[in-house]
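Single-structure report; data block below.
The values are calculated or read from the model by the stated rules, or taken from the named source; none is laboratory data. Because the structure is predicted, anything quoted here is derived from the model rather than measured. As a convention, Cβ positions derive from the backbone with ideal geometry for all residues, glycine included, and neighbour counts pool all protein chains shown.
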Amino acid sequence: MRTTLLSLATAAGLATVSPAAPTFFPTGTPTGHWYVCTNIDRSGEGKFESFKTDNFVQSVNINYDGSRLDWIADIPGGTHGGVGNWTFFVFRQTFDLTGYDPATANLTIRWGADDSGEIFADRGSWIPAYTLNGGPFIYYPGSSPEHRIPTYSYSQWTSITTGFVSGINTIDFYVEGNGQTDGFGLQVQSFTASPACPCDLNHDGQVDDADFSIFVVAYNMLDCADPSMPANCPSDFNHDGAVDDADFIPFVAAYNELLCP
Ligand SMILES: [Ca+2]
Ligand SMILES: [Ca+2]
Ligand SMILES: [Ca+2]
């Protein structure tokens, strides 16, 4: 019977849709992804009020340091008149979690910033930090007001697992430069999230016959290791390596609801 169903589904030319993954861009590819609002305030050293968020422009890769070719600033030189011209950057990326459950998102990054906020040798007093969707500020890994460390190289890898929201998300990195060779760099190790509505196999916002057709194909293959199975075995809702009746039960429940939450 399973072979018959599979044949029917294949004959009908039913498409299978592999889930996409959420996307977050490193600073190595800033164009269209990383923006910056820059404010120079000679008397603003260390002051939060000196950061501005009212005029974001495209950020660009810097060119003054061969070890920072994937870093960004508002201009390639990263310098605004020299030390003492305290330069307040807010580096921003927006990214989309539409279709994903924000509670399951995990973004693993490492980052660095110039300057460090170490309160000596013109390094300023603002410790580089980010805020996700207006949440609490998170310092450069390992740094804090009680234990200030250099931030001029990439940190250890760090995972962000809280503070995500449905739909469009915004992350802002607040960096105070000293006016000389300033900037910010970020690399991405991974970004994962579970689908918000896993039984919506064709990602159109509802669970209906089109999804059932996709499910039937996977059900007939049974084994997620089958080379014909769509990547990541999306119909294996309970993640046990097989598409069987245990997966059909939640599918029926979602099918009866029709609309994704
Ligand atoms: Ca600097
Ligand atoms: Ca659907
Ligand atoms: Ca299963």
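Quick notes
- Test: residue 202 is within 16 Å of ligand 2 (Cβ to nearest atom) and outside any helix (DSSP H, G or I): yes
- Residues of the range 100-117 satisfying the condition of being in contact (Cβ under 8 Å) with a residue 40 or more places away in the chain, part of a loop (DSSP other than H, G, I, E, B) and over 14 Å from the mean Cα position of the chain (by Cα): 115, 117
- The set of residues from the range 156-174 being in contact with a Pro (Cβ under 6 Å, 6 or more places away or on another chain) and surrounded by fewer than 20 Cβ atoms within 10 Å (Cβ to Cβ) comprises 156, 158, 165, 166.
- All conditions but one from (1) small (Gly, Ala, Ser); (2) in contact with a Leu (Cβ under 9 Å, 6 or more places away or on another chain); (3) surrounded by fewer than 16 Cβ atoms within 10 Å (Cβ to Cβ) apply to residue 105; the one that does not is (3).
- No other residue among 177, 134 is in the same structural domain as residue 43 (by TED's automatic domain parsing), under 30 Å from residue 49 (Cβ atoms), more than 16 Å from ligand 3 (Cβ to nearest atom) and surrounded by 15 or more Cβ atoms within 10 Å (Cβ to Cβ) apart from 177.
- Filter result for residue 32 (touching a helix residue (DSSP H, G or I) at 6+ places or on another chain (Cβ under 7 Å), touching a residue at least 24 places away in the same chain (Cβ under 8 Å) and either away from ligand 2 (no atom under 16 Å from the Cβ) or within 30 Å of residue 235 (Cβ to Cβ) (or both)): no
- Exactly one residue out of 202, 220, 178 is within 16 Å of ligand 1 (Cβ to nearest atom) and in contact (Cβ under 8 Å) with a residue 40 or more places away in the chain: that is 178.
- Members of the range 220-247 that are within 16 Å of ligand 2 (Cβ to nearest atom) and more than 25 Å from residue 167 (Cα to Cα): 230, 247
- Every residue from the range 118-128 that is more than 9 Å from ligand 1 (Cβ to nearest atom) and either outside any loop (DSSP other than H, G, I, E, B) or surrounded by 23 or more Cβ atoms within 10 Å (Cβ to Cβ) (or both): 126, 127, 128
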